[in-house]
1. Indicate the gyration tensor shape class of the stretch 1-135 (rounded, prolate or oblate), computed on the Cα atoms with a ≥ b ≥ c the square roots of the eigenvalues: a/c under 1.5 is rounded; otherwise a/b larger than b/c is prolate and the rest oblate.
2. Could you work out how much longer the chain between Leu104 and Tyr141 gets when fully extended? Use 0.36 nm per residue separation minus the Cα distance between them, nm to one decimal.
3. Once you compute Rg and the Kirkwood Rh from C-alpha atoms, what is the Rg to Rh ratio for the stretch 80-169?
4. Take the alpha-carbon centre of the stretch 108-143, take the same for the stretch 171-196, and report the distance between them in whole Å.
5. Got a sec? What order do Glu45, Glu166 fall in by accessible area at 1.4 Å, biggest, i.e. largest, first?
6. If you take the Cα atoms of the stretch 130-191, find Rg, then find the Kirkwood Rh from the mean of 1/r over all pairs, what is Rg/Rh?
7. Just to verify a number: what accessible area does Val225 come out at with the full protein assembly present, 1.4 Å probe, Å² rounded to tens?
8. Report the local net charge at Ile117: Lys and Arg +1, Asp and Glu -1, summed over other residues whose C-beta lies under 13 Å from its C-beta.
Amino acid sequence: MELLSALSLGELALSFSRVPLFPVFDLSYFIVSILYLKYEPGAVELSRRHPLASWLCAMLHCFGSYILADLLLGEPLIDYFSNNSSVLLASAVWYLIFFCPLDLFYKCVCFLPVKLIFVAMKEVVRVRKIAVGIHHAHHHYHHGWFVMIATGWVKGSGVALMSKFEQLLRGVWKPETNEILHMSFPTKASLYGAILFTLQQTRWLPVSKASLTFIFTVFMVSCKVFLTATHSHGSPFDVLEGYICPVLFGAAWGDDHYHNNHGGSHGGSHGGGGPGSPHSALPAKSKEELSEGSRKKKTKKAD
């Protein structure tokens, strides 16, 4: 805290926390959210054939986090839609992105330097929503750490977490793309951020909420802008998780152990097939294929 005061970061963070989100930051949030909807396969055709379904999908992209948070806390799911200004602003963005003549609005907001500004402003909204969600949950459940973490998580990444429902509105069903199974960077970051803000809310993290909001916002903006500018789908957490997860859960160690015991003899006979080789996974795959073939032969004999 003394370091923050010396660098005047505390005052800067406090001033930053007082910046209103509506309408500029919320507008950026709606633009980026609906842009991601337009990127989805078949979204443009859906808007022409079924405009109402397309509009509902856009509203889920913009307000899905509020709906999930209300569901967790037992509040009316439609409560946020009483905010007429936000709904009208999001609807206007949806109409301009999908129906503007010559796609002029879409081309302007997709211009990379402009898009990066909107992406940065969206992350400001995301972090603020996580903090507000945890503060809201704390009023309902003073000692419910998991409730606070879950509420903050869905506030930050509710759109991704309810993507299956949004896909159903578009007539698409892809259970293998479940966000829980394949977490994107915003979903992971929202979860880690929710844990940090919960620790701060319960006074286990000795830092002010304004300072934590400012620091985490800088982190999110930097990472998301870099990933968007480089068209990367990776995550800054991958390296750290690559070291921690094998220790905690042993998944990577189990795979290596399997290859060492069962794939080593195959690698020795074919040359260069050790565990560190790119071809180390080939023996296991071949074994599965052979097993599948033997099962088919047994079935034929039984028939």
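1. oblate
2. Contour length minus Cα-Cα distance gives 8.6 nm.
3. Radius of gyration over Kirkwood radius for the stretch 80-169 works out to 1.07.
4. Between the Cα centres of the stretch 108-143 and the stretch 171-196 lies a distance of 16 Å.
5. Glu45, Glu166
6. Taking Rh as the inverse mean 1/r over Cα pairs, Rg/Rh reads 1.08.
7. Approximately 40 Å² of Val225 is accessible to the 1.4 Å probe.
8. Local net charge: +2.
The values are calculated or read from the model by the stated rules, or taken from the named source; none is laboratory data. As the structure is a prediction and not an experimental result, all values here were calculated from the model. Glycine gets a Cβ as well: all are built from the backbone with ideal geometry, and neighbour counts include every protein chain shown. Each accessible area value is taken on the protein alone, full model and side chains, heavy atoms only, with ligands, DNA and RNA left out. Shrake-Rupley method; radii C 1.70, N 1.55, O 1.52, S 1.80 Å.
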